[in-house]
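K.L.:
Quick one: this structure, given as structure tokens, is what I'll be asking you about.
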């Protein structure tokens with residue numbers, strides 16, 4: 001795309017010079033078609049550019065996940081989960097209860113303050129207002145984004161308003177086994193279909 005753009009700029013400059021300087025009007029015969037051809041090439045190059053890949057969002061129940069390792073609230077646990085999700089091709093969005101800062105730092109922390117330790121952009125981390133449960137915010141965002149939810153919470157109090165909770169794969173559970181993180185997610189890339197298992201040939205009856 002850079003080459004057609006450069007050609008277009010040079011052709012436009014040639015047109016401007018040929019119009020401004022007396023005696024160079026013959027350049028119009030060359031600069032005009034060159035400018036038109038460069039414009040066509042630029043449009044074709046823009047049309048061939050691949051569309052940006054659609055993000056595959058996943059909601060992370062931060063106040064639940066941060067207790068996965070030994071029951072002790074730790075942002076490092078949440079970061080390890082988000083890194084794993086990123087490696088699987090997902091874009092995580094983490095939502096916390098309002099008291100998360102008091103649990104991990106002894107004071108209130110907003111989403112931007114938590115984003116740094118988590119290695120995420122500020123827009124990917126949200127702390128709900130005090131007195132507001134995080135559960136409906138998590139479920140509402142998951143519905144809007146068509147995303148799964150990483151949490152060991154069953155969200156029973158919200159099952160009627162969000163029946164998708166009972167759907168297969170909506171809730172992604174996890175934890176640590178022998179010090180290693182496990183997530184109930186396929187390791188294949190998002191959108192990749194599972195390969196069907198090969199069919200077994202029926203055994204021939206013995207004679």
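K.L.:
Can you tell me the relative contact order of the range 57-183? Whole percent, Cα pairs under 8 Å, sequence separation 6 or more.
P.N.:
Numbers: 206 pairs, mean separation 34.1, N = 127.
It comes to 27 percent, rounded to a whole number.
K.L.:
Something else: Looking at the square roots a ≥ b ≥ c of the eigenvalues of the Cα gyration tensor of the range 57-183, which shape do they give, rounded for a/c under 1.5, prolate if a/b is larger than b/c, or oblate? Don't skip to the answer; put the middle values down first.
P.N.:
Details: a/c = 1.41, a/b = 1.15, b/c = 1.23.
Rounded shape, in that the Cα axes give a/c under 1.5.
K.L.:
Which order, highest average first, do 105-112, 64-71 follow once you tally other Cβ atoms within 10 Å for each residue and take the mean per peptide?
P.N.:
Values: 105-112: 14.1, 64-71: 17.4.
Highest to lowest by the protection proxy: 64-71, 105-112.
The numbers here are math on the coordinates, done by the rules we state, and not lab data. Every value quoted in this text rests on a predicted model; they were computed, and no experiment measured them. Positions of Cβ are generated from backbone atoms using ideal geometry, with glycine treated the same way; all protein chains shown enter the neighbour counts.
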